[in-house]
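Below is one structure, written out as structure tokens, with a few remarks after it.
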Amino acid sequence: MLAFLLATSLVWLLSRSFVARQALDKPNERSLHSVPVPRTGGLGLLGAVATIWLFLAPSGWIWLLLVTALLSLLSFGDDLAGLPVRTRLAGQTAASAVFLALYFNGPLVLLPLALLTLIWLANLYNFMDGSDGLAGGMTITGFGAYAIAAWSAGAVDLSVICAAVAGAAAGFLIWNFHKAIVFMGDAGSVAIGFLAAAVGMLGWQENAWPIWFPFLIFSPFIVDATVTLAKRVRRGERLSEPHKSHYYQRILQMGLGHRGTALASYALMASVSASALHLRNAEPLHAGLLIGLWIAAYASIMWHIDRRWARHAGDAAKP
């Protein structure tokens, strides 16, 4: 509750500050909004998280907080003035490498995958933060599931810090749900994506959940961003250019709107999280069946959206 109230206040104050006027998301042909919106919401969200963590998190977590804060500041530079892709990737790689050097104690053969996971989650969260309420809802659901799983496993400290992130995200969502008066911005989305991967690894190392659990919990974002990226590569598009070809962007454009897209996404996120929590201690065979079922479900959802989008695009092209 404290994280929720603190984030609600900080996000509102920052949205009306001098800083907000310097970090406006101005609409363009690729945007899903029509008026300039401050990109300071993530700073308020993370400010609330940092305050709670400083008082409640174990001392060993201070380095994760520091690394995340530095990554957020770098990303806020992108919100303010735009940074070259190489600069952003270099900062994300450095932050991920520092985290792994300090915290990773899994099999060394998994180290390259862990590095890629941290960098990819940071970026895909940013890619998926393009519709009112979407990233905030994923943060609540994802870290809420982390908190429940950690509490059930007896990892009380881990549960508390995850609950703090979920609570702060709920405070942010008060101002970000349609019609949003503030966006998370790169400062928030990149840092939260990084935290989703980092905390997922730490929970796995503490035996709070199996290794597949974080991937399934955040699969609504992972699947959309990864499949969309693969399709763009296949089409030969420049990956640095903005676009509106994510599945959530397409269902929004086909008439579901910001509110409808958010609510439909929340239903998917809740269903995925509930199933993952229910079977987090299951035998590998049952866990594999669950993952297989969700792969089939995602394939079906994307197939239907692709078909409807083809018809929608064809109708829009008619004179």
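The values are calculated or read from the model by the stated rules, or taken from the named source; none is laboratory data. Everything numeric here is computed off the predicted structure, so don't read it as measured data. FYI the Cβ positions are ideal-geometry reconstructions off the backbone, even for glycines, and counts take in every protein chain you see. The protein model used for the area step is the full one, side chains on, heavy atoms only, and it has no ligands, DNA or RNA in it. Shrake-Rupley method; radii C 1.70, N 1.55, O 1.52, S 1.80 Å.
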Notebook entry, point to check: In the range 148-168, what residues are of a type in the set (A, V, I, L, M) and more than 20 Å from Ile62 (Cα to Cα)?
Noted result: Ile148, Ala149, Ala153
Notebook entry, point to check: Does Ala187 count as at pLDDT 95 or above, among the small types (Gly, Ala, Ser) and touching a helix residue (DSSP H, G or I) at 6+ places or on another chain (Cβ under 8 Å)?
Noted result: no
Notebook entry, point to check: Scanning for something free of Cβ contacts under 8 Å to residues at least 60 places away in the same chain, open to solvent by 50 Å² or more (accessible area, probe 1.4 Å), closer than 20 Å to Ala7 by Cα and assigned to a helix (DSSP H, G or I), does the range 78-91 turn up at least one residue?
Noted result: no
Check: Which one is least open to solvent (accessible area, probe 1.4 Å), of the residues in the range 228-252 that are in a helix (DSSP H, G or I) and charged (D, E, K, R)?
Finding: Arg232
Notebook entry, point to check: So, in the range 198-211, of the ones that are open to solvent by less than 10 Å² (accessible area, probe 1.4 Å) and part of a helix (DSSP H, G or I), which residue ends up farthest from Leu134 (Cα to Cα)?
Noted result: Gly203
Item checked: Members of the range 122-171 found to be at pLDDT below 95, within 18 Å of Pro220 (Cα to Cα), open to solvent by 10 Å² or more (accessible area, probe 1.4 Å) and part of a helix (DSSP H, G or I), listed by number -> Asn123, Asn126, Phe127
Note to self: Need pairs with beta-carbon distance below 9 Å; first residue among the acidic types (Asp, Glu) and within the range 147-169, second part of a helix (DSSP H, G or I); sequence gap 6+ or separate chains.
What the structure shows: Asp157/Leu56; Asp157/Trp61; Asp157/Ala150
Next item on the list: Can you tell me which residue within the range 48-64, out of those that are free of Cβ contacts under 8 Å to residues at least 60 places away in the same chain and farther than 15 Å from Ala163 by Cα, is most open to solvent (accessible area, probe 1.4 Å)?
Entry: Trp63
Notebook entry, point to check: Taking the range 207-249 as the region of interest, how many residues are closer than 26 Å to Ser275 by Cα and in contact with a Lys or Arg (Cβ under 8 Å, 6 or more places away or on another chain)?
Noted result: 3
Note to self: Would you confirm whether or not the range 184-192 contains a residue that is surrounded by 18 or more Cβ atoms within 10 Å (Cβ to Cβ), over 27 Å from Thr40 (Cβ atoms) and either hydrophobic (A, V, I, L, M, F, W, C) or touching a Pro at 6+ places or on another chain (Cβ under 6 Å) (or both)?
What the structure shows: no
Margin query: Checking Ala282 against (1) closer than 28 Å to Ser152 by Cβ; (2) open to solvent by 90 Å² or more (accessible area, probe 1.4 Å); (3) at pLDDT below 90, only one condition comes out false. Which one?
Written below: (2)
